[in-house]
Amino acid sequence: MSDLIDDPQPGENAPEFTVSEISGALKKTIEGAFGRVRVRGEVGRVMLARSGHLYFDVKDDRSVLAAVSWKGQVSRLSIKPEEGMEVIVTGKLTTFGSQSKYQLNVDDVVVAGEGALMAMLEKRKKVLAAEGLFAPERKKKLPFLPEVIGVVTSPSGAVIRDILHRLRDRFPRKVLIWPVAVQGEACAPQVAAAIEGFNRMQPGGALTRPDLLIVARGGGSIEDLWGFNEEIVARAAAASDIPLISAVGHETDTTLIDYVSDLRAPTPTAAAEHAVPVRLELLAWTEEQGTRLTRSLEQALTQRGQRLRDLARALPRVETLLDNPRQRLDTVSHKLPAALRSMTQTRRVKLTEASAGLRPRVLTARLAPMRDRLGMVASRLDPDRITDANKRRTVEITGLSARLDRAFLANTKRHVDRLSSLERMRQTLGYTETLKRGYAVVRGDGDVVTTQVAAAQAKSLEIEFADGRLALDRAATSAVKPIKPATKPKPKKDAPDQGSLF
């Protein structure tokens, strides 16, 4: 320091310094005496400037040490200091002459002890829980059988091999692996970027978007698993549109991502078991359901058939349904010839009565009195006018008489045609037309014979053909033996059973 000290003025014992000289001398002295140091304490006030520099205090129960991390150093810090956190900071002790204070330029921050980490974790949990990121209603349901599964883990560890092996045993699926660091400073940003990257993939793209995500890592200490306790990882998992299973550490390990994930698996192997069902069990269940369905259908058909048979017993037989209509038809058929004859006779009488009133002679007789009255009236009227009127009336009467004659003839012809039609119907329905087709009517003792026994018992027989009747001599017919109906030949008895060589 002798080169910075001016010579004392006359009458003065102490040397004289400028402000910059004394600040520079102190800076060199402090940096030379301490260099890099590690300081343990509690983080006090924390301020992140707009320039990106981080200013905070490290204190204990008696003193406060100002600390600063420049923008380039902040991005490399493994732990961002938070107020109340107990940390161990490493850096270079220096001075800040503009404010006449010394400070520690920090380039590394680690948590001092597991208790401090747990305290910081609890603080983060409270913040995220207050935002509702742990709420059960936010949990998404896992797909029953995903087509593609995305796995966020280290590609070189045993975790990915366990997951692939378990998926292959249970139900092989397509797996997309996003390699990340699972511990250290790069862990948290890479895991968050992997979750966001899977969510940005488009369905139907070059790589199919996964239906399910698994974030997995093996066991380790709390420091090793700390990357999954970072807030950016928890928020990325909570914002994922794809259902997510967290499988970080062993069963006793719990990280922040477990609280925001849709399902927490105790191990990576358990995560694979939750992701897909067992194929053989699914096939067995499907076969069992098919068997149950077949059995149910058979039982239903059996019950319906029994019900149908029960209902059928209550219905009359088909042959009995036609008995009454058949009997009525026979009765009506028997009455039809007599009814036709009666109706024809009645219509003939009515036709005769109607035609009697329409004869020309009757009309002439009816018109004679009218002509006489007309002549009497005409004699009392103007002869010329009456003559003209009479002429007109005569013409009209002549026309009416002609129309009446035509109407009478047409009506008479219509009734005659109707009568002829009924007569043809009667002839068609009578048995005489049947005789013309080759049939004959056999009468015995005057009655119609329909059986062989009745013919044998009759004293006299008469056969009616289409062109007349033929009487048979009883002595000649008695020699004719009745022909018995042909009987079926009796089946021959089978040969004795010889047995079979087979």
(request) Could you check, for the range 241-257, whether at least one of its residues is under 19 Å from I79 (Cβ atoms), among the hydrophobic types (A, V, I, L, M, F, W, C) and in a helix (DSSP H, G or I)? (result) yes
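Filter the range 71-81 down to residues that are touching a residue at least 12 places away in the same chain (Cβ under 8 Å) and surrounded by fewer than 14 Cβ atoms within 10 Å (Cβ to Cβ) and give me whichever is farthest from M120 (Cα to Cα).
To start, the set of residues in the range 71-81 that are touching a residue at least 12 places away in the same chain (Cβ under 8 Å) comprises 71, 73-74, 76-81.
If we keep only those that are surrounded by fewer than 14 Cβ atoms within 10 Å (Cβ to Cβ) too, we end up with 71, 76.
Working: K71: 23, R76: 20 Å.
So the residue we want is K71.
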(message) If I go through the range 343-363 residue by residue, how many of them are part of a helix (DSSP H, G or I) and modelled with pLDDT under 75?
(response) 6
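Take the conditions under 28 Å from A239 (Cβ atoms) and assigned to a helix (DSSP H, G or I) and apply them to E122. Does it pass? Explain how you work it out, then say what you get.
Values: under 28 Å from A239 (Cβ atoms): yes; assigned to a helix (DSSP H, G or I): yes.
Yes.
Does V182 fit the bill of being out of contact with any Leu (no Cβ under 8 Å at 6 or more places or on another chain), surrounded by 14 or more Cβ atoms within 10 Å (Cβ to Cβ) and either in a helix (DSSP H, G or I) or of a type in the set (F, W, Y) (or both)? Show your work before the answer.
Working: out of contact with any Leu (no Cβ under 8 Å at 6 or more places or on another chain): yes; surrounded by 14 or more Cβ atoms within 10 Å (Cβ to Cβ): yes; either in a helix (DSSP H, G or I) or of a type in the set (F, W, Y) (or both): no.
For V182, the condition - out of contact with any Leu (no Cβ under 8 Å at 6 or more places or on another chain), surrounded by 14 or more Cβ atoms within 10 Å (Cβ to Cβ) and either in a helix (DSSP H, G or I) or of a type in the set (F, W, Y) (or both) - is not met.
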(request) Mind counting the residues in the range 452-474 that are of a type in the set (G, A, S), over 22 Å from A338 (Cα atoms) and touching a residue at least 12 places away in the same chain (Cβ under 8 Å)? (result) 4
(request) Within the range 259-280, count every residue that is in a helix (DSSP H, G or I), of a type outside the set (V, I, T) and within 14 Å of L213 (Cβ to Cβ). (result) 5
(request) Considering only residues that are touching a residue at least 12 places away in the same chain (Cβ under 8 Å) and within 18 Å of A365 (Cα to Cα), look in the range 398-418 and name the one that is surrounded by the most Cβ atoms within 10 Å (Cβ to Cβ). (result) F408
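Considering each of V449, V442 in turn, give the residue that is in contact (Cβ under 8 Å) with a residue 12 or more places away in the chain and in contact with a helix residue (DSSP H, G or I) (Cβ under 6 Å, 6 or more places away or on another chain). Before the answer, list the steps.
Working: V442 fails: in contact with a helix residue (DSSP H, G or I) (Cβ under 6 Å, 6 or more places away or on another chain).
One residue alone meets the criteria, V449.
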(message) Suppose we filter the range 238-265 for residues that are modelled with pLDDT of 90 or more, more than 25 Å from the chain's Cα centre (by Cα) and of a type outside the set (A, V, I, L, M, F, W, C); how many remain?
(response) 8
(message) Quick check on my filter: what residues within the range 335-353 are closer than 12 Å to V416 by Cβ and of a type in the set (A, V, I, L, M, F, W, C)?
(response) L351
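Considering the range 240-277 alone, what residues qualify as being of a type in the set (S, T, Y) and more than 18 Å from L167 (Cα to Cα)? Quick ask: steps written out before the conclusion?
Pass one, the range 240-277, residues of a type in the set (S, T, Y): 240, 246, 252, 254-255, 259, 261, 267, 269.
S240, T252, T254, T255, Y259, S261, listed by residue number.
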(message) So, in the range 75-117, how many residues would count as being closer than 26 Å to T29 by Cα and not in a loop (DSSP other than H, G, I, E, B)?
(response) 21
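Criterion first (crowded, with 22+ Cβ neighbours inside 10 Å, assigned by TED's automatic domain parsing to the domain that holds A181 and within 37 Å of the chain's Cα centre (by Cα)) does A272 satisfy it? Please lay out each step first, then the result.
Working: crowded, with 22+ Cβ neighbours inside 10 Å: yes; assigned by TED's automatic domain parsing to the domain that holds A181: yes; within 37 Å of the chain's Cα centre (by Cα): yes.
In short, yes.
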(message) Please determine whether any residue of the range 48-59 is of a type in the set (A, V, I, L, M) and surrounded by fewer than 17 Cβ atoms within 10 Å (Cβ to Cβ).
(response) yes
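Here are A188, A206: which of them is modelled with pLDDT of 90 or more and either more than 18 Å from P277 (Cβ to Cβ) or not in a strand (DSSP E or B) (or both)?
On the way: A206 fails: modelled with pLDDT of 90 or more.
Matching residue, one of A188, A206: A188.
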(request) Answer yes if at least one residue in the range 59-74 is in a helix (DSSP H, G or I), in contact with a strand residue (DSSP E or B) (Cβ under 6 Å, 6 or more places away or on another chain) and of a type in the set (A, V, I, L, M), and no otherwise. (result) yes
(message) If I ask for residues that are within 14 Å of P268 (Cβ to Cβ) and in a strand (DSSP E or B), which ones from the range 151-179 would you list?
(response) V151, V152, T153, V175, I177
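The values are calculated or read from the model by the stated rules, or taken from the named source; none is laboratory data. Remember, it's a predicted structure, so these values are computed and weren't measured experimentally. Every residue, glycine among them, receives a Cβ derived from its backbone with ideal geometry; neighbour counts consider all protein chains shown.
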